[in-house]
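Encoded as structure tokens, the structure appears first; notes follow it.
The values are calculated or read from the model by the stated rules, or taken from the named source; none is laboratory data. Every value quoted in this text rests on a predicted model; they were computed, and no experiment measured them. Here the Cβ is made from the backbone with ideal geometry for all residues, glycine too, and neighbour counts use every protein chain on show.
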Amino acid sequence: MTASWEPGTQYGYGDIVEFEGARYKIIQPHRSQSDWAPSVTPALWGKIPDDKWKDHEPYNPPHDKGDYHGQDVQQPSDYNNHPDQTVEVPHEEQKQNWWDLDDDRKKKLKIGGGIAAGLGIIGAGYYAYHKHEEHKKSEEDKDALAWGVQGWAKESQVKTEEFRNHGPRAPATWVLVEGRDNIPPSAFMAIKYTVARAYFEHGLQIGKASANFRQGSAIGYAGKVIELPTFEVLVADPKGVRWVEGGKEANGTLLYVARVRYNEGLHPAKIGEHLPAAHLAFNGTEVLVEDYEVLCYN
């Protein structure tokens, strides 16, 4: 049975709701408000024609799930209960942009460890790729990045724990990984590499992961390859996916998971409507590949 749309609810990719006798599939993840009903927000919800409903029925995992379950996913760090945090950070506030908070609130957050989890992620290697450039950022810039990566990590932690405890709710799920030795066996492979994504410079960038990478994951950004130790990998039911929206740029523009053939191999990469070609992180540089595939739900 399809759940009814309700205000004050967080909706994510894959969600389908019923409202005023019609069914809608989400377009853009958001937290619903009383005046954001699906019938009046075409940018957030797409109406499903009655004759197409059978193609959009909620995902039901097969009785024999094989490797697609939560048991092989490592328990992530508890970013929602950092030991140095003494100030409360409400869930809704954490979703706000750092620049939208007033100066007094920012000060209280900094003093009370409200960005401690984010600073820990940054200190663990977020900027290791260009220490020589770090001095160019102001303290306010660094605080904003810590706040942003912390919000992403908290949300990913919750989703990962739900997947571990209850199994899949969709054919594909992003789960949080810390370090190259914790990539789960069920991670979705693009032949040689695992499909991955990571928060970087206020955006969620698509890349690849491997136990052979120093930090565990690699993304392409501004012509460079960036390795990051805290990232997400895609775990998927092999029978439930094809070559799905994966990440986003800092301005909210969506990025998709691509697969490209390059240098006699297949690699996961990123693509978007604003990009002229797929962007691949390879051998220390970001390579543009015009021929690519895009991962899609079956």
Checking A222, A278, A258 in turn, the sole residue that is surrounded by fewer than 17 Cβ atoms within 10 Å (Cβ to Cβ), over 16 Å from T160 (Cβ atoms) and of a type in the set (A, V, I, L, M, F, W, C) turns out to be A222
S156 vs (1) among the hydroxyl-bearing types (S, T, Y); (2) in a helix (DSSP H, G or I); (3) farther than 16 Å from A117 by Cα: all pass except (3)
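Residue by residue, here is whether (1) among the acidic types (D, E); (2) at pLDDT below 90; (3) at positive phi; (4) not assigned by TED's automatic domain parsing to the domain that holds A218 holds:
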{"residue": "K248", "(1), (2), (3), (4)": "no, yes, no, no"}
{"residue": "G252", "(1), (2), (3), (4)": "no, yes, yes, no"}
{"residue": "V260", "(1), (2), (3), (4)": "no, no, no, no"}
{"residue": "G265", "(1), (2), (3), (4)": "no, yes, no, no"}
{"residue": "A269", "(1), (2), (3), (4)": "no, no, no, no"}
{"residue": "H279", "(1), (2), (3), (4)": "no, no, no, no"}
{"residue": "T285", "(1), (2), (3), (4)": "no, no, no, no"}
{"residue": "L288", "(1), (2), (3), (4)": "no, no, no, no"}
Strands (runs of 3 or more DSSP E) contained in region 210-298 and holding at least 2 residues among the small types (G, A, S) and within 15 Å of Y199 (Cβ to Cβ): 217-221, 245-248
Does region 120-133 contain any residue that is assigned to a helix (DSSP H, G or I), outside the structural domain of A170 (by TED's automatic domain parsing), within 29 Å of G252 (Cβ to Cβ) and modelled with pLDDT of 90 or more? no
Mind listing whichever residues of region 189-198 are of a type in the set (A, V, I, L, M) and surrounded by fewer than 21 Cβ atoms within 10 Å (Cβ to Cβ)? M189, I191
Given (1) of a type in the set (G, A, S); (2) at pLDDT below 90; (3) at positive phi; (4) surrounded by 23 or more Cβ atoms within 10 Å (Cβ to Cβ), where does S186 come up short, assuming only one miss? (3)
